[in-house]
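The values are calculated or read from the model by the stated rules, or taken from the named source; none is laboratory data. Fair warning: this is a prediction, and the values are worked out from it, not measured in the lab. As a convention, Cβ positions derive from the backbone with ideal geometry for all residues, glycine included, and neighbour counts pool all protein chains shown.
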Amino acid sequence: MKTLTRYLETVLATAQAGLTYSKDPFDIERFIKLEAATAAFLAKAVDVPEQAVLSWICLDENYPTPKLDVRAIILDDLARVLLVKEASDGLWTLPGGWCDIGESASVAVTREVQEETGLIVSPVRFLALFDKLKHGHPPQLPHAHKAFFLCRATGGSLRQQTNETTAAGFFYTHCLPELSEHRVLKSQIEILCQRIESGNTETLFD
């Protein structure tokens, strides 16, 4: 399924690029048909409404590139990691979300943490940049890269509920709750926390 999804995303990206650069009206018509057919097939392959795929296309009408998702690792004095429970699916994840236009990744992760937890944080280290397609995430649109930061709380207070989350808490990595795997994987949390604990400062990628 992951291979099929990746193939369909590539075809869809080709159609988007063709619509961006083509001048010939007949080629444009062909690319429109290719985009529509691929969107319908891709929606069925990943079991999402076709309108969701079309909405994603509308947000990325020009030359298609991966989106950037930012996530924060915040540890307490017992080396437990902070997780939030997503209102959308009832599962847990690291605080974070999409990087908005005009934001740097560090500004985005600071904003997301405050929105989802009430904490004011300072990013102190860039830990990893992962391609979702190279990890065990369930198939999902759009194609995204995930940036992980080690963050230190500098103010605010931890809230148990926000507009986007229904709970928050610190957990040991060996007893994590059920995770929202579209957003983060147990293996990612474990390896990043292990590297923090060991003092390994090399950045992971891919």
Item to check | From Leu141, Leu127, residue being closer than 30 Å to Val11 by Cβ, crowded, with 16+ Cβ neighbours inside 10 Å and touching a helix residue (DSSP H, G or I) at 6+ places or on another chain (Cβ under 6 Å) | outcome: Leu141
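Scan segment 179-199 residue by residue and report those that are loosely packed, with under 11 Cβ neighbours inside 10 Å and either in a loop (DSSP other than H, G, I, E, B) or in contact (Cβ under 8 Å) with a residue 60 or more places away in the chain (or both).
Listed by number, the list holds a single entry, Gly199.
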Checklist entry - Which residues, counting only those in segment 76-106, are surrounded by 14 or more Cβ atoms within 10 Å (Cβ to Cβ), in contact with an Asp or Glu (Cβ under 9 Å, 6 or more places away or on another chain) and over 20 Å from Leu141 (Cα atoms)? => result Leu82, Val84
Next on the checklist: What's the total number of residues in segment 44-72 that are among the aliphatic types (A, V, I, L, M), surrounded by 19 or more Cβ atoms within 10 Å (Cβ to Cβ) and modelled with pLDDT of 75 or more?
Outcome noted: 3
Checklist entry - If you scan segment 102-146, which residues turn out to be of a type in the set (Lys, Arg) and under 12 Å from the mean Cα position of the chain (by Cα)? => result Lys132, Lys146
Checklist outcome for this item: The residue that is farthest from Ser88 (Cα to Cα), considering only those in segment 144-178 that are free of Cβ contacts under 8 Å to residues at least 24 places away in the same chain and in a loop (DSSP other than H, G, I, E, B), is Gln160
Checklist entry - For Phe149, are the conditions met, namely being closer than 16 Å to Val113 by Cβ, among the aromatic types (Phe, Trp, Tyr) and in contact with a Lys or Arg (Cβ under 8 Å, 6 or more places away or on another chain)? => result yes
Next on the checklist: Filter segment 1-27 down to the residues that are among the aliphatic types (A, V, I, L, M), surrounded by 13 or more Cβ atoms within 10 Å (Cβ to Cβ) and out of contact with any Leu (no Cβ under 6 Å at 6 or more places or on another chain) and list them by number.
Outcome noted: Leu4, Val11, Leu12, Ala13, Ala17, Leu19
